[in-house]
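The values are calculated or read from the model by the stated rules, or taken from the named source; none is laboratory data. The shown structure was predicted, so the numbers you read here are calculated from the model rather than taken from an experiment. With ideal geometry, Cβ positions are generated from the backbone for all residues, glycine too; neighbour counts draw on all protein chains shown.
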Amino acid sequence: MNRLLRLATSLCAATLAACASTSHLPPIERAAKVDLPRFMGDWYVIAYVPTFIDKDGYNQIENYKLNDDGSIATTFTFRDGGFDGKPKKYTPKGFVVEGSNNAEWGMQFVWPIKGEYLITELADDYSSVIVARTKRDLVWLLARKPEMSQTEYDRQLAKIAAMGYDMKEVKRVPQRW
């Protein structure tokens with residue numbers, strides 16, 4: 001519980017600090033519509049801006065499952081420090097923001113705090129997606145497969161850069177299966 005409280009505190013502090021620095025940036029475009037049942041399942045984290053809980057994460061996977069009440073059970077797993085590192089697991093809950101065509105969620109690690117989760121750049125075939133935040137403090141490039149060609153990876157990173165992210169902060173996730 002202490003880790004979750006530190007995560008929530010860090011997210012709040014980062015949000016406050018980022019407010020002034022993102023006011024000049026255009027809004028992040030959300031996906032026109034997200035088919036929730038199709039979005040569910042495993043997504044491999046290809047690249048991201050690390051947090052203190054996952055800064056040395058290997059084989060990162062996000063799994064989403066639609067609950068009967070419309071919330072999204074989320075399971076984030078990875079190996080800490082290497083491919084043979086200690087397994088880690090976090091289970092935040094997602095809540096779709098009404099009127100967002102399912103492209104904006106509140107992601108809750110600790111009640112009552114919900115972090116912004118914007119689904120953007122969703123491939124038509126649901127093979128990849130970029131999840132962003134207005135504050136440009138966190139971003140995730142996710143894919144249905146653990147590998148991505150260098151050409152596609154560079155194309156996706158260019159999209160993240162165009163959103164206003166500091167690309168020195170974005171890290172590729174080691175994936176080996």
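The residues of region 94-115 that are under 17 Å from Val129 (Cβ atoms), in contact with a strand residue (DSSP E or B) (Cβ under 8 Å, 6 or more places away or on another chain) and modelled with pLDDT of 95 or more, listed by number, are Gly94, Val96, Val97, Asn102, Ala103, Glu104, Trp105. Restricting attention to region 124-131, does a residue exist that is outside any strand (DSSP E or B) and either closer than 15 Å to Val45 by Cα or among the basic types (Lys, Arg) (or both)? Yes; the residues of region 124-131 include at least one that is outside any strand (DSSP E or B) and either closer than 15 Å to Val45 by Cα or among the basic types (Lys, Arg) (or both). Any residue at all in region 51-62 that's modelled with pLDDT of 95 or more and touching a Gly at 6+ places or on another chain (Cβ under 7 Å)? Within region 51-62 (the criterion being modelled with pLDDT of 95 or more and touching a Gly at 6+ places or on another chain (Cβ under 7 Å)), the answer is yes, since at least one residue qualifies. Taking the criterion of being acidic (Asp, Glu) and under 16 Å from Leu142 (Cα atoms), the residues of region 54-79 that qualify are Asp54, Glu62. Checking each residue in region 68-116 for being exposed (fewer than 12 other Cβ atoms within 10 Å of the Cβ), in contact with a Lys or Arg (Cβ under 8 Å, 6 or more places away or on another chain) and without any contact (Cβ under 8 Å) to a residue 24 or more places away in the chain picks out Lys86, Pro87. Exactly one residue out of Thr120, Thr91 is more than 19 Å from Ile46 (Cβ to Cβ) and either at pLDDT below 95 or out of contact with any Pro (no Cβ under 9 Å at 6 or more places or on another chain) (or both), and it is Thr91.
Exactly one residue out of Phe83, Phe52 is closer than 23 Å to Glu169 by Cα, assigned to a loop (DSSP other than H, G, I, E, B), in contact with a Pro (Cβ under 8 Å, 6 or more places away or on another chain) and of a type in the set (Phe, Trp, Tyr): that is Phe83. What about Lys65, is it touching a residue at least 24 places away in the same chain (Cβ under 8 Å), more than 24 Å from Val170 (Cβ to Cβ) and not in a loop (DSSP other than H, G, I, E, B)? When the stated conditions are applied, Lys65 passes them.
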